[in-house]
Amino acid sequence: MSPVRLHHVPIELVLHEFAFLLIKTSAGFPSPAQDDLEEPIDLSARLVQHPAASYIMRVDGNSITGAGIFHDDFSVVNRAKEPRAGAIVVALVHGDRKLKRLARIEGRFWLIPEADGYPRIIVDENVKIWGVPDGVARRLP
């Protein structure tokens, strides 16, 4: 199993506004309400809580799929958010970025994968919590 690699994407490269259709969309016949457009939405405002302390990373790997984060997803990482047990975090482990769940087990903190075949990592002096993802975006196949 390959480790999850994360690639930095500058937040300035993310499109900011899209037209927002505030209706349920039928997968069958066209809706007569499709002309009911709302104001454009700013995806950055929706996904990024602290712009000055956030960045976007592309996920490369499958160790966090059980948390609904998949290979090639974009993860919006907030460096200002307090990491807490139970949260998904980005951590530097011996200089390599990892995306794992932070857990407290028997008084120690661990980085726990959300897929089989990946090891748990004890949080020690070689681990630094880098940030907490606020959101995920993906393109459907």
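Summary of computed values
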item: Sites E125 and D60, calculated FRET efficiency, Cβ-Cβ separation with R0 30 Å, nearest 0.05; result: 0.70
item: Net charge, Y118 excluded, C-beta distance under 12 Å - Lys, Arg +1, Asp, Glu -1; result: +2
item: Gyration tensor (alpha-carbon) shape descriptor, the stretch 67-129, a/c threshold 1.5; result: rounded
item: Computed label-point distance, nm, for sites R108 and D96 using a 7 Å Cα→Cβ extension; result: 2.0 nm
item: Length added when fully stretched, A52-R139, from 0.36 nm per residue minus Cα-Cα; result: 28.8 nm
item: Contour excess over end-to-end distance, with Cα ends at A45 and A80 and 0.36 nm allotted per residue; result: 11.0 nm
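Where a number appears in this text, it was derived from the coordinates with a stated rule and is not lab data. Bear in mind the structure is a predicted one, so any value in this text is a computation, not a measurement. In this analysis, Cβ positions are derived from the backbone assuming ideal geometry, glycine residues included, and neighbour counts consider all displayed protein chains.
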